[in-house]
Amino acid sequence: MPEFLTWKDRRKVESFLRVGEDLILGEVAIELDKCNGCGFCISACPAGALEVKDKKAKMTEEFPMCFSCGNCTAICPEDAITITRFIEFKRFYRYIDRGEPKFPRRF
């Protein structure tokens, strides 16, 4: 097995620049009546896909790069956030023998 990808295989790898063609990003739903605007989810999000507006958390409007890592759902003290769509790769990466995605442990 080669240690590095060949040029042919590199072209198959998904690019985050081609959202919609190569991959579908994740998405979270935030129950606004439960959200207290603490901002824990924003500091836990590695992609910067969340923001606080009007003292409530929500996904960014411009380009929400949600990787559906689950950090926001795990750290939310009010259980206001749920993942509605997990990230899906269309070409090179595949989910093999993993079953359904599972939510992370609680903090």
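Taking region 66-99 as the range and being of a type in the set (D, E, K, R) and either over 22 Å from Cys45 (Cβ atoms) or modelled with pLDDT of 90 or more (or both) as the test, the residues that pass are Glu78, Asp79, Lys90, Arg91, Arg94, Asp97, Arg98. Filtering region 17-59 down to residues that are modelled with pLDDT of 90 or more and of a type in the set (Val, Ile, Thr), which residue is farthest from Glu88 (Cα to Cα)? For region 17-59, the residue satisfying everything is Val52.
Taking the conditions (1) touching a residue at least 40 places away in the same chain (Cβ under 8 Å); (2) of a type outside the set (D, E, K, R); (3) touching a Phe, Trp or Tyr at 6+ places or on another chain (Cβ under 9 Å) in turn, Asn36 satisfies each one other than (3). Pairs linking a residue in region 44-66 that is farther than 18 Å from Pro77 by Cβ to a residue that is aromatic (Phe, Trp, Tyr) and modelled with pLDDT under 90, with Cβ atoms under 9 Å and 6 or more positions apart or on different chains, are Pro46/Phe67; Ala47/Phe67; Ala49/Phe63; Ala49/Phe67; Met65/Phe16.
The values are calculated or read from the model by the stated rules, or taken from the named source; none is laboratory data. The shown structure was predicted, so the numbers you read here are calculated from the model rather than taken from an experiment. Quick reminder, even Gly has a Cβ in these numbers, built from the backbone with ideal geometry, and neighbours come from all protein chains shown.
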